[in-house]
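Okay, so here's the structure we're looking at.
The values are calculated or read from the model by the stated rules, or taken from the named source; none is laboratory data. In this text, all values refer to a predicted model and were calculated from it rather than measured experimentally. Ideal geometry is used to build each Cβ from the backbone, glycine not excepted, and the neighbour counts take in all protein chains shown. Ligands, DNA and RNA are stripped out before the accessible areas are found, and what is left, the full protein with its side chains, is counted by its heavy atoms. Shrake-Rupley method; radii C 1.70, N 1.55, O 1.52, S 1.80 Å.
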Amino acid sequence: MWTPSNKPPEQLASWQRLAALAEQRAGQPIERESARFETYSARIGPVFIDYSKQRIDAQVIAALIDLAEESGLDDAVQALFDGEHVNTTEDRPALHTALRAPDGEGPKAVAGLVEAERSRFLTFAEDVRSGHWRGYTDKAIRTVVHIGIGGSHLGPELVCQALRPNSDPEIRFLTNIDGDAATTALAGLDPATTLFIVASKSFTTLETRTNAATARSWFVERTCEPAAIARHFVAVTANDKAAQAFGMPPTNRFAMWDWVGGRYSLWSAVGLPIAISLGRSGFDDLLAGAYLADRHFRTTTPARNLPVLLALLQVWNSNFLGAATHALLAYDRRLRLLPDYLQQLEMESNGKSTRHDGTRVAMHTAPVVWGGEETNGQHAFHQLLHQGTRAFSADLIATISPGHGLQEHHRWLLANCFAQGQALLADHTAGVEAQGSHVRGQHPVTTILLDTLTPRALGTLLALFEHRAFCAGVIWGTNPFDQPGVELGKVLAGPIQDELGDAQPTGSAVDSPTSELLAHAKKIASAR
Ligand code: F6P
């Protein structure tokens, strides 16, 4: 049985060696010989990764590989795939990899469940696409509204936006509690041709519960047919009882399981909008891409294992080179949600200060992840990237063949991506770099290139990121599969919302600065 290493990383010999290497190399320029490209780049299927612009050399890489070994990464990877309880605080496995294993190849304990549910939800998706599934007036579905938040939203919207922005049926996403979001999502819809997917692992999430109830009222008010909910609402959840109580019959309830974390769940029925948008073959390709990354991750030696190397670089940059933030710069507009997706994946997984055994970590864990759509960012925040004072690392992501016919636009886009990589690396003392004599440069950059943006390539990329987060967690000794830190805000919001209504102030639940703010908001609202 797998148990996490209880030796804090800072006590490992490799950690101390890395600290010494970082000190020795401080102030030295990042090496730039052309041979580095060959040494520090690799490919998984349609995804190519160039990490030659990182502040690394043979000694640093060797020490990082030792760190992976001393942290017990090999055993942890095995435990992840074998379904051991790697989610220690919640005492369960994290089996998202089982969701993309081909039929007959998943772990025995869950393969049957996964395959049966996959077949059910893909059949349903095909029925919606083909018009076989009909609304209560016998019309085909024209619009799908996916209601969910966090992990029950970001992956599905990212993939739909990237691969089929003009989907038929149209796919809309309703996520947050702001009534403006609900109003916008419902605007102009015909209830007779609208399907709502309520995706929530817990089925208790405030935003999703409230939006689902609003959608149901909207539907019933317009149709005067409460029974028609059965043709227009489906659920994806691990809380089957709550979906039943909402009014969904068994045919409309798709399972997810407590052994799949929300932010790792797009491969399950949570990906229903993806399946409706792309169809069964597109969804299968997405899974096949992820499976490719899984096989690579499971079988490749650490020195050539991309998720392992990317995680080690993350640790190197944030713990030894002082990069407190990590920018994800998407040089493909279709991937503009990638920074948001990655933000949840990295920051909810590894934004932790407690190790598996409950002790406090003695170092920084996940960096702040942020980013944007390029080249827009170049005309906004890149000023700080080039001349600001803060250390950061960056991933630049681009696609070699565009999804449109405007070749000149695409050459410019790619040229800007490569140019930014060059400028971020720049040592401003010589040659062309002298033009930007106050450009700081020397920022570690990884360039990720997709051959084309296909379901397979995106599947590989997202699975790679998932595994990077897992590996970094293993090294820091944190559990990437829980998120206890988000609970406090939820608890505090309850009494405040009561007081914003008619409830008498309870006093004790709200601190005094907040209660002043509350009183101010109520006064202004009542005067209007
Ligand atoms: O509050 C955080 C969180 O639990 C995320 O981890 C999760 O992805 C999201 O909320 C949505 O949760 P659910 O799928 O249970 O509605």
* Given C-alpha coordinates of the stretch 109-237, what is the ratio Rg to Rh with the Kirkwood estimate of Rh? -> 0.96
* Asked: Given the chain, what percent of its DSSP beta bridges are antiparallel, to the nearest 5?
  -> 25
* Structure fact -> Cα-based Rg/(2.2 N^0.38 Å) for the stretch 1-142, rounded to two decimals, is 1.63
* **Carbon/sulfur fraction of accessible area - the chain, other protein chains in place, 1.4 Å, %** => 53
* Structure fact -> In degrees rounded to 10, the 0-90 angle between helix 154-163 Cα long axis and the longest Cα principal axis of the chain is 80
* To the nearest 10 degrees, how steep is helix 407-425 against the longest Cα principal axis of the chain, on a 0 to 90 scale? -> 50
* **Tilt relative to the chain, helix 206-223 - C-alpha long axis, 0 to 90 degrees, to 10** => 40
* Of the peptides 177-189, 309-321, how do they stack up when ordered by the mean number of other Cβ atoms within 10 Å, highest first? -> 309-321, 177-189
* Asked: Can you give the extra length, in nm with one decimal, that the chain gains between Asp240 and Ala35 once fully stretched, where that is 0.36 nm per residue apart less the Cα-Cα distance?
  -> 68.2 nm
* What does the accessible area per residue of the stretch 242-284 come to in Å², with a 1.4 Å probe and no ligands, DNA or RNA counted? -> 25
* Asked: So for the stretch 298-409, Kirkwood radius off the Cα pairs, Stokes-Einstein at 20 °C and 1.002 mPa s: how many µm² s⁻¹?
  -> 134
* Heavy-atom accessible area per residue - the stretch 113-197, 1.4 Å, Å² -> 39
* Heavy-atom accessible area order for Ser349, Ser526, largest first, 1.4 Å probe -> Ser526, Ser349
* Asked: Cα gyration tensor of the stretch 371-528, axes a ≥ b ≥ c as square roots of the eigenvalues: rounded (a/c below 1.5), prolate (a/b > b/c) or oblate?
  -> prolate
* Would you mind working out the accessible area per residue for the stretch 332-402, using a 1.4 Å probe, and quoting it in Å²? => 44
* Scattering from the C-alpha atoms of the chain alone, worked out with Debye: what is log10 I(q)/I(0) at q = 0.07, 0.10, 0.11 1/Å? -> -0.43, -0.87, -1.03
* Is the stretch 219-278 best put as rounded, prolate or oblate by its Cα gyration tensor, with a ≥ b ≥ c the root eigenvalues, rounded for a/c under 1.5, and otherwise prolate when a/b is larger than b/c, oblate when not? -> oblate
* To do: Could you list which residues have their amide H under 5 Å from that of Ala391, counting only those 5 or more apart in sequence or on another chain, with H placed in the peptide plane?
  => Ala324
* Asked: Taking Cα pairs under 8 Å and at least six residues apart, what relative contact order does the chain come out at, in percent?
  -> 19
* Asked: Separation of the stretch 455-528 and the stretch 356-398 by C-alpha centroid, Å?
  -> 22
* Out of every Cα-Cα pair in the stretch 311-371, what percent are more than 19 Å apart? -> 36
* Got a number for the accessible area of Val110? Probe 1.4 Å, square angstrom, nearest 10. -> 10
* **Heavy-atom accessible area order for Asp74, Asp66, Asp511, largest first, 1.4 Å probe** => Asp74, Asp511, Asp66
* Given only helices, namely DSSP H runs of n ≥ 4 each adding -39500 (n - 2.57), what is the per-residue ellipticity at 222 nm of the chain, to the nearest 500 deg cm²/dmol? -> -14500 deg cm²/dmol
* To do: Using a/c under 1.5 as the rounded threshold, could you call the stretch 1-73 rounded, prolate or oblate? The axes a ≥ b ≥ c are square roots of the C-alpha gyration tensor eigenvalues, and prolate needs a/b larger than b/c, oblate otherwise.
  => oblate
* Asked: With every protein chain in place, what's the accessible area of Tyr40 (1.4 Å probe, Å², nearest 10)?
  -> 20
